1. Please list, ordered by first then second residue, the pairs with beta carbon atoms under 6 Å, 6 or more apart or interchain, first in segment 103-125 and in contact (Cβ under 8 Å) with a residue 12 or more places away in the chain, second surrounded by fewer than 17 Cβ atoms within 10 Å (Cβ to Cβ) and among the small types (Gly, Ala, Ser).
2. Is segment 124-142 home to any residue that is within 16 Å of the ligand (Cβ to nearest atom), β-branched (Val, Ile, Thr) and open to solvent by 20 Å² or more (accessible area, probe 1.4 Å)?
3. Pairs only if they're at least six apart or on different chains, beta carbon under 8 angstrom, first in segment 1-30 and touching a residue at least 12 places away in the same chain (Cβ under 8 Å) and farther than 16 Å from residue 149 by Cα, second open to solvent by 40 Å² or more (accessible area, probe 1.4 Å) and within 16 Å of the ligand (Cβ to nearest atom); list them, first residue then second.
4. Go through segment 70-118 and give me each residue that's surrounded by 15 or more Cβ atoms within 10 Å (Cβ to Cβ), among the hydroxyl-bearing types (Ser, Thr, Tyr) and away from the ligand (no atom under 16 Å from the Cβ).
5. Looking only at segment 31-67, which residues are buried (at least 17 other Cβ atoms within 10 Å of the Cβ), more than 19 Å from residue 144 (Cβ to Cβ) and within 16 Å of the ligand (Cβ to nearest atom)?
6. Among the listed residues 166, 159, 180, which satisfies the condition of being in a helix (DSSP H, G or I), charged (D, E, K, R), modelled with pLDDT under 95 and more than 14 Å from the chain's Cα centre (by Cα)?
7. Going by the structure shown, is residue 106 more than 30 Å from residue 168 (Cα to Cα) and part of a loop (DSSP other than H, G, I, E, B)?
8. Cβ-Cβ distance below 8 Å, separation of 6 or more or different chains: which pairs start in segment 58-71 with a residue that is on the phi < 0 side of the Ramachandran plot and end on one that is within 15 Å of the ligand (Cβ to nearest atom) and open to solvent by 50 Å² or more (accessible area, probe 1.4 Å)?
Amino acid sequence: MFLTVDDGAEKDPEFAAMAAELDVPLSVFLSDYLARSDYDYFRALRDHGVSINNHTLTHPDLRRLGADALRKEICGQQDRLEQELGTRPRLFRPPYGEYTAEALRTAASCGVTAVPLWTEEAFPDHLEYRYADQRLHPGDIVLTHFRAPAPGWKGSMADMLRRVVDTATAQGFAVARLEDYL
Ligand SMILES: [Zn+2]
């Protein structure tokens with residue numbers, strides 16, 4: 001299974017330290033308006049093997065955007081991330097998992113080669129499963145977020161990571177690197 005972390009609002013040092021210590025492969029999808037207060041945090045994650053990918057400049061619903069706005073949101077974030085991290089992302093995740101054929105064509109035109117969505121969502125205190133059997137399945141992509149403790153997010157990002165790793169291990173799964181399978 002794969003673990004992906006979206007948006008970039010919370011920059012929790014305990015989470016970064018734990019991800020590095022456990023050597024958990026993570027794919028991160030950043031929206032510039034949330035990430036830009038501290039790209040150093042994401043550069044440090046990258047230095048520990050985390051892949052940093054595109055989640056648009058301002059997190060809009062892409063179904064509402066025309067050609068120019070699509071280009072600005074998607075290709076603009078490709079440019080931003082290349083500027084901040086030195087490499088152009090290959091992966092793009094549309095906000096809310098919503099997209100159009102034109103959005104996919106736009107992403108492909110500026111270097112995106114895959115658009116992975118997700119199956120489960122992870123929180124500090126539970127996982128929301130996709131399937132009725134309430135288990136992980138081979139190849140599942142788990143979505144989570146850079147979030148601080150809040151109503152609906154009962155714990156820290158480190159709690160969330162511990163839960164995902166423990167759950168995967170208990171069900172006989174390993175966390176793998178998404179880019180290696182695309
Ligand atoms: Zn998002």
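1. Listed by first residue and then by second, the contacts come to 117/97; 124/155; 125/155.
2. Yes, segment 124-142 has at least one match.
3. Sorted first by the residue in segment 1-30, then by its partner, the pairs are 4/118.
4. 106
5. The answer is 32, 57, 60, 62, 65.
6. 180
7. Criteria not met by residue 106.
8. 58/33; 61/96; 61/98; 62/98; 62/99; 63/98; 63/99
The values are calculated or read from the model by the stated rules, or taken from the named source; none is laboratory data. Because the structure is predicted, anything quoted here is derived from the model rather than measured. Note that we place each Cβ from the backbone using ideal geometry, even for glycine, and neighbour counts take in every protein chain shown. Surface accessibility is based on the protein's heavy atoms, side chains included, excluding ligands, DNA and RNA. Shrake-Rupley method; radii C 1.70, N 1.55, O 1.52, S 1.80 Å.
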